[in-house]
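The values are calculated or read from the model by the stated rules, or taken from the named source; none is laboratory data. Note that the structure is a prediction, hence the values are computed from the model and not measured. Ideal geometry is used to build each Cβ from the backbone, glycine not excepted, and the neighbour counts take in all protein chains shown. Remember, those area values only see protein heavy atoms, side chains included, never the ligands or the DNA or RNA. Shrake-Rupley method; radii C 1.70, N 1.55, O 1.52, S 1.80 Å.
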Amino acid sequence: MITESDVEYLAVLAVYRTWLVTGDDAWLELQLPAVDRALAYLHDSPLRWSAEQQCVLRAHTCDTWDFSIYDGDRYTEATPKVASLCDQTGYYQALCARAAIEEQRPGGDALKAQELREQAERFRALTAARLWDGEKFQHHLHLDRF
C-alpha cells in the first residue's frame with residue numbers, strides 16, 4: 001500500500017489542468033469517473049481519511065520527514081499517521097478544481113459545483129484551525145502516538 005496520500009489529488013489536478021490546456025471536453029468526460037473515484041477514495045478510505053479529525057492522512061515515513069519505525073513497507077491502520085499540510089492543501093485544491101470543472105464544462109452541474117465549493121471552504125477552515133500555530137502553518141500534525 002502506498003504510504004503517501006498525494007496520488008489521488010494530484011491526479012484530479014492533472015486532469016483539470018490538462019483539460020484547461022487542451023480544451024478537449026470529450027476527453028474530460030471520459031476522465032470524470034476516475035476523478036470522482038479519486039476524491040471519494042481520499043475521503044472514504046480509513047488509510048487516507050481521519051473521520052475524527054476530518055483530514056487527509058498519510059503514514060509517518062522517511063520520504064517526507066523524520067519517521068517512526070513500523071513493519072517494513074506495510075501501510076496498515078496500525079501504522080502511525082500524520083495530517084500533512086501538503087495533503088490538506090492538495091485535497092482542497094482538488095475540490096476546487098472539481099468545482100471549476102462543473103462550472104466551466106458544457107452541461108456542467110451548477111448545484112454540484114456549489115456543493116463542492118462549500119465542501120472545500122469547510123475543509124479549508126478546518127485545516128487552518130488545525131495546522132495554524134499562531135505564527136505559521138505546521139508542516140504536519142501527529143495523529144497517532146509515536
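The stretch between R130 and T18, if pulled fully straight at 0.36 nm per residue, gains 37.1 nm over its current Cα-Cα span. I need the shape label for segment 82-146. Rule: rounded when a/c is under 1.5, else prolate if a/b > b/c, else oblate, with a, b, c from the alpha carbon gyration tensor. Judged from the Cα gyration tensor, segment 82-146 comes out prolate (a/c at least 1.5, a/b above b/c). Computed from label points 7 Å out along Cα-Cβ, the spacing between A26 and V7 is 3.0 nm.
Think of it as helices only: each DSSP H run of n ≥ 4 in the chain is worth -39500 (n - 2.57), and spread over all residues that comes to -18500 deg cm²/dmol at 222 nm. Maximal additional length on extending the Q54-Q104 stretch stands at 15.2 nm, based on 0.36 nm per residue less the C-alpha distance. Measuring r between the beta carbons of K112 and R145 and using R0 = 41 Å, the FRET efficiency lands at 0.55. Taking the accessible area of segment 1-56, probe 1.4 Å, and keeping the other protein chains in place, the carbon and sulfur fraction comes to 60%. Taking label points 7 Å from Cα along the Cα-to-Cβ direction, D36 and F137 give a separation of 2.9 nm.
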